[in-house]
Amino acid sequence: MSETKPPLDPNLKALESEAIHIFREVAAEFERPVMLYSVGKDSSVLLHLARKAFYPGKIPFPLLHIDTGWKFAEMIAFRDHMVEQFDLDLVAHTNARGVLENVSPFTHGSSVYTNIMKTEALRQGLDAGQYDAAFGGARRDEEASRAKERIYSFRTPDHRWDPRNQRPELWSVYNGMIKKGESVRAFPLSNWTEVDIWRYIKAENIPIVPLYFAARRPVVERDGMLILAEDKRLKPLPGEVVQQQMIRFRTLGCFPLTGAIRSEATTLDEIIDELETATVSERQGRAIDRDEAGSMEKKKREGYF
Amino acid sequence: MNINAEVVEQAKPAIDADTRNARPLRLITCGSVDDGKSTLIGRLLWDTKAVKEDQADALARDNRNQQNGLGLPDFALLLDGLQAEREQGITIDVAYRYFSSEKRSFIVADTPGHEQYTRNMATGASTADLAILLVDARTGILEQTRRHATIATLMGIRQFVLAVNKIDLIDYDRLRFDEIATQFRQLALSLGVTDVTAIPMSALLGENVVYSGKTNMPWYVGKSLVEVLELATQRSAQTVGFRLPVQRVSRPNEGFRGYQGTVAGGSVKPGDSVVILPSGTVANVKQIVTFDLVRNAAVAGDAITLVLDRPVDIARGDMIASIDAAPASGLSFEAKLVALAPDGVSAQKRYWLKSSSRRQRVRVNPKTLLDLKSGQWNDADALPLNGIGTVQLAFDEEALFDPYETNRNTGAFILIDPDTNNTVAGGMIVARSAAVDGLSSDDGLDQTLLSLPSDLAKKLMQSDVFKAMREQIEIRHTSANRASSILRELD
Ligand SMILES: Nc1nc2c(ncn2[C@@H]2O[C@H](COP(=O)(O)OP(=O)(O)O)[C@@H](O)[C@H]2O)c(=O)[nH]1
């Protein structure tokens, strides 16, 4: 890396060291770890930290991407580019049953769709690889039910999370003991906030999907969300008009379910400035969290990440 | 894009230099039910803008007990992360909250205030640098306050903020505030804590939380809570001996062999002599490797890869340490323990003990149990759930520790039940135990006999120092007459 890069500020350095510690601990304690790679900004940071943790060696586990088939096209292009650039071992999994039954966010609603193409697909992907530990990029500041999740989050053989029966977690001594079939989800970014992620991306010059930066893009407004209208599978409904607007995304998921925000932030500094004055949370653009109060907790109990 | 970023950075260096110039401060809030803990945390998040409008909206949609007429969201709902808990209206576990001021980032461990709190509080306090103890200005210091302060101290916290909350309900009465503050300072002192800041506060109205409460409390010239937190110190393990618990050995090719781990104490630089424990092998540090560059030093907290100058046999769980300030190694240690599982901790069972990256079998012999009400350590042979006590640890293989007092990383451990794999206790090393088989084997050592009134002896025996040395002390009770005749015999 470049010799002139200024040292990280103590806040980011502490977060980075903690994440590296978690990566190494899980890699040492589990037989078949895997890293969930969603291609978003948190995954980009996670990937960067994994490379740092095991340097000068390679990342000693594969990456698993749950591809719903409805991701933004730019995400898939970016993913393939990363795999090539860093010589990653990537497994992409799509729920074949869902494809066969033509499950889509338009026809089945966000709740059923998410359940089949994300939650069920994730369980399939984890079972297929017989993984006993899966890294995820979730942060505790994201959503209320995440605030109580452990760094090592224990899962039953059918991938369920029991929020009432979590193992106590003291200091940075993690309990990685499980029985056959059980698994652990490990969250190295637990203590990061959204702003930390962006500051770190800037400090470390980490590549991210360009959709995070504001640009003029075609959108339609639907249910109060700005949906990107680049994919041919998005059929404008009667009354909807495709407009060119200056927008960007705060989180990236499936394009029909992820709302853009109007923004002029075209650089990392502008994004950080925008965040520090933001009055809405990043998950606001996500249809999945809005279905009902407590919906994230419910999905997590069922095995959603 | 990069060029662009640089220009912007140069345009506003002052802000970048001032913000986040420290590690996140970790704190814990403790209080009894209804003291206003949720209100305080909510207020902190709200006034530092860590809560966003849509999150507040989601609460409005829940349409339950609207907090008050101040146009604020119901903070308790905002904080209750889990559906089941929300339905019962109680918090049952530890949740972590994040907020930041201009100067610093903060991580708050939010633990419930009801009876079963010891386990949760111990968990939250294990990583905390500072504890906020909340009291209701109308009721003042309660038995609960003593409990919370005791647990916090035990877990190694040496900085307290006393938040005298609901000061608006006692007409901002300065005398009452002073009285509570004085009472608390005495309590803290009895636990050995001198770093205490007392703040009169209305969490509900936001007075002395983030913003000043001058308008209603012109008599209070101290800092607001956030200002105190910004200046709080962090416990640093940098001044003690170098410790690197080895997490994994990295061998990407024949030519490279590096030991990966997080520096758990002190610092290291190339050329330093180190000892590898438990084997006792000696080597010198050749290189400190990180992704960014080869470094010329590393300090506590850094995740590094260490290369030594000679081939040595090192595995996960070993410790690389300063040659002249190595940790204690031995088969028997004295420790304090907090029991976290329903079955408690018993002498009958063999547990797994994990400390840093080292896991080994251990037998646990409970000695005393702390009575949180009175602060006394009473004899005991088992620890129930939420029990805090002293124990003797007996290992089959060499164990490596520092006292928790000197190093919170290498002095801490958890116990795992081998049947359920659950974490059943958290522990803190007091010291390595002297000869386990009693005084008789030690005939080379000089002994001192004391004779003192039994009530004084009782007090002495309840002190931490005494407890830590319990194995080395013989006690008999007798009459004053008989005692003086024994002493005369020795004269
Ligand atoms: N007047 C006044 N009421 C407060 C203050 N702080 C909290 N309360 C009220 O006290 C009650 C209990 O507060 P809550 O935060 O739920 O307590 P917790 O059980 O400790 O989390 C609520 O009705 C709050 O509105 C304060 O500073 N002044």
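The values are calculated or read from the model by the stated rules, or taken from the named source; none is laboratory data. Because the structure is predicted, anything quoted here is derived from the model rather than measured. Glycine also receives a Cβ, built like all others from the backbone with ideal geometry; neighbour counts cover every protein chain displayed. Side chains included, ligands, DNA and RNA excluded: accessible areas come from the protein's heavy atoms. Shrake-Rupley method; radii C 1.70, N 1.55, O 1.52, S 1.80 Å.
Output the number of residues of segment B:375-396 satisfying the condition of being among the polar types (S, T, N, Q) and open to solvent by less than 60 Å² (accessible area, probe 1.4 Å).
Filtering segment B:375-396 down to residues among the polar types (S, T, N, Q) leaves B:376, B:378, B:386, B:390, B:392.
Then drop every residue that is not open to solvent by less than 60 Å² (accessible area, probe 1.4 Å), which leaves B:386, B:390, B:392.
Summing the residues that are among the polar types (S, T, N, Q) and open to solvent by less than 60 Å² (accessible area, probe 1.4 Å) in segment B:375-396 gives 3.
Given the condition assigned to a loop (DSSP other than H, G, I, E, B), in contact (Cβ under 8 Å) with a residue 60 or more places away in the chain and in contact with an Asp or Glu (Cβ under 7 Å, 6 or more places away or on another chain), answer yes or no: does some residue in segment A:229-238 qualify?
The answer is no, given that none of the residues of segment A:229-238 is assigned to a loop (DSSP other than H, G, I, E, B), in contact (Cβ under 8 Å) with a residue 60 or more places away in the chain and in contact with an Asp or Glu (Cβ under 7 Å, 6 or more places away or on another chain).
Which one of these does residue B:164 not meet: (1) under 18 Å from residue B:404 (Cα atoms); (2) within 16 Å of the ligand (Cβ to nearest atom)?
Every listed condition holds for residue B:164 apart from (1).
Having 1 or more residues that are within 11 Å of chain A (Cβ to nearest Cβ) and without any contact (Cβ under 8 Å) to a residue 40 or more places away in the chain is the bar; report the strands (runs of 3 or more DSSP E) wholly within segment B:258-330 that clear it. Steps first, please.
Working: elements: B:258-262, B:273-277, B:281-289, B:303-308, B:319-322.
Because the criterion is at least 1 residues that are within 11 Å of chain A (Cβ to nearest Cβ) and without any contact (Cβ under 8 Å) to a residue 40 or more places away in the chain, the strands (runs of 3 or more DSSP E) in segment B:258-330 that meet it are B:281-289.
Can you find, within segment A:179-210, the residue that is nearest to the other protein chains (Cβ to nearest Cβ) among those that are closer than 30 Å to residue A:127 by Cβ and surrounded by fewer than 19 Cβ atoms within 10 Å (Cβ to Cβ)?
A:179
From (1) in a helix (DSSP H, G or I); (2) open to solvent by 60 Å² or more (accessible area, probe 1.4 Å); (3) modelled with pLDDT of 95 or more, pick out the condition that doesn't hold for residue A:31.
Result: residue A:31 fails condition (1) only.
Which count do you get for residues in segment A:93-124 that are open to solvent by 60 Å² or more (accessible area, probe 1.4 Å) and not in a helix (DSSP H, G or I)?
So the count comes out to 2.
A quick yes/no check of all residues on (1) within 30 Å of residue A:105 (Cα to Cα); (2) in contact (Cβ under 8 Å) with a residue 24 or more places away in the chain; (3) in a helix (DSSP H, G or I); (4) more than 14 Å from chain B (Cβ to nearest Cβ):
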| residue | (1), (2), (3), (4) |
| --- | --- |
| A:50 | no, yes, yes, no |
| A:53 | no, yes, yes, no |
| A:56 | no, no, no, no |
| A:60 | no, yes, no, no |
| A:65 | yes, yes, no, yes |
| A:68 | yes, yes, no, yes |
| A:75 | yes, yes, yes, yes |
| A:80 | yes, no, yes, yes |
| A:84 | no, no, yes, yes |
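Within the set of pairs 6 or more residues apart or between chains, which connect a residue that is more than 12 Å from every other protein chain (Cβ to nearest Cβ) and within 10 Å of the ligand (Cβ to nearest atom) inside segment B:22-35 to a residue that is assigned to a strand (DSSP E or B) and acidic (Asp, Glu) with Cβ atoms less than 6 Å apart?
B:35/B:136
Across segment B:218-256, what is the total count of residues that are more than 26 Å from residue B:131 (Cα to Cα), within 14 Å of chain A (Cβ to nearest Cβ) and of a type in the set (A, V, I, L, M, F, W, C)?
Matching residues across segment B:218-256 total 4.
Is one or more of the residues making up segment A:217-236 under 30 Å from residue B:118 (Cα atoms), at pLDDT below 95 and within 14 Å of chain B (Cβ to nearest Cβ)?
Let us first name the residues in segment A:217-236 that are under 30 Å from residue B:118 (Cα atoms), namely none.
No.
More than 14 Å from chain A (Cβ to nearest Cβ) and either in contact with a Phe, Trp or Tyr (Cβ under 8 Å, 6 or more places away or on another chain) or not polar (S, T, N, Q) (or both): is that true of residue B:139 in this structure?
no
For the structure I just gave you, tell me whether residue A:103 is free of Cβ contacts under 8 Å to residues at least 24 places away in the same chain, among the β-branched types (Val, Ile, Thr) and within 26 Å of residue B:303 (Cα to Cα).
The answer is no for residue A:103.
Condition test on residue B:373, is it in a strand (DSSP E or B), more than 20 Å from residue A:172 (Cα to Cα), away from every other protein chain (no Cβ under 13 Å) and of a type in the set (D, E, K, R)?
So residue B:373 fails the test.
Being within 16 Å of the ligand (Cβ to nearest atom) and more than 14 Å from chain A (Cβ to nearest Cβ) narrows it down to one of B:182, B:215, B:194, so name that one.
Working: B:182 fails: within 16 Å of the ligand (Cβ to nearest atom); B:194 fails: within 16 Å of the ligand (Cβ to nearest atom).
B:215 is the lone residue from the list that is within 16 Å of the ligand (Cβ to nearest atom) and more than 14 Å from chain A (Cβ to nearest Cβ).
I'd like to know if segment A:47-70 contains one or more residues that are farther than 21 Å from residue A:135 by Cβ and open to solvent by 10 Å² or more (accessible area, probe 1.4 Å).
So far as segment A:47-70 goes, yes, one or more of its residues are farther than 21 Å from residue A:135 by Cβ and open to solvent by 10 Å² or more (accessible area, probe 1.4 Å).
Filter segment B:376-406 for residues that are among the charged types (D, E, K, R) and part of a strand (DSSP E or B) and give the result.
Hits for segment B:376-406 are B:379, B:396, B:397, B:398.
Residue-wise test of (1) at the interface with chain B (Cβ under 8 Å from one of its Cβ atoms); (2) of a type in the set (Asp, Glu); (3) in a strand (DSSP E or B); (4) farther than 20 Å from residue B:359 by Cα.
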| position | (1), (2), (3), (4) |
| --- | --- |
| A:126 | no, no, no, yes |
| A:159 | no, no, no, yes |
| A:170 | yes, no, no, no |
| A:176 | no, no, no, no |
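Answer yes if at least one residue in segment B:255-263 is modelled with pLDDT of 95 or more and open to solvent by 60 Å² or more (accessible area, probe 1.4 Å), and no otherwise.
Yes, there is a match, as at least one residue in segment B:255-263 is modelled with pLDDT of 95 or more and open to solvent by 60 Å² or more (accessible area, probe 1.4 Å).
Looking only at segment A:237-260, count how many residues are within 14 Å of another protein chain (Cβ to nearest Cβ) and either over 19 Å from the mean Cα position of the chain (by Cα) or open to solvent by 40 Å² or more (accessible area, probe 1.4 Å) (or both).
Step one: of segment A:237-260, the residues within 14 Å of another protein chain (Cβ to nearest Cβ) are A:248, A:250-251, A:259.
Filter again for either over 19 Å from the mean Cα position of the chain (by Cα) or open to solvent by 40 Å² or more (accessible area, probe 1.4 Å) (or both), leaving none.
So the count comes out to 0.
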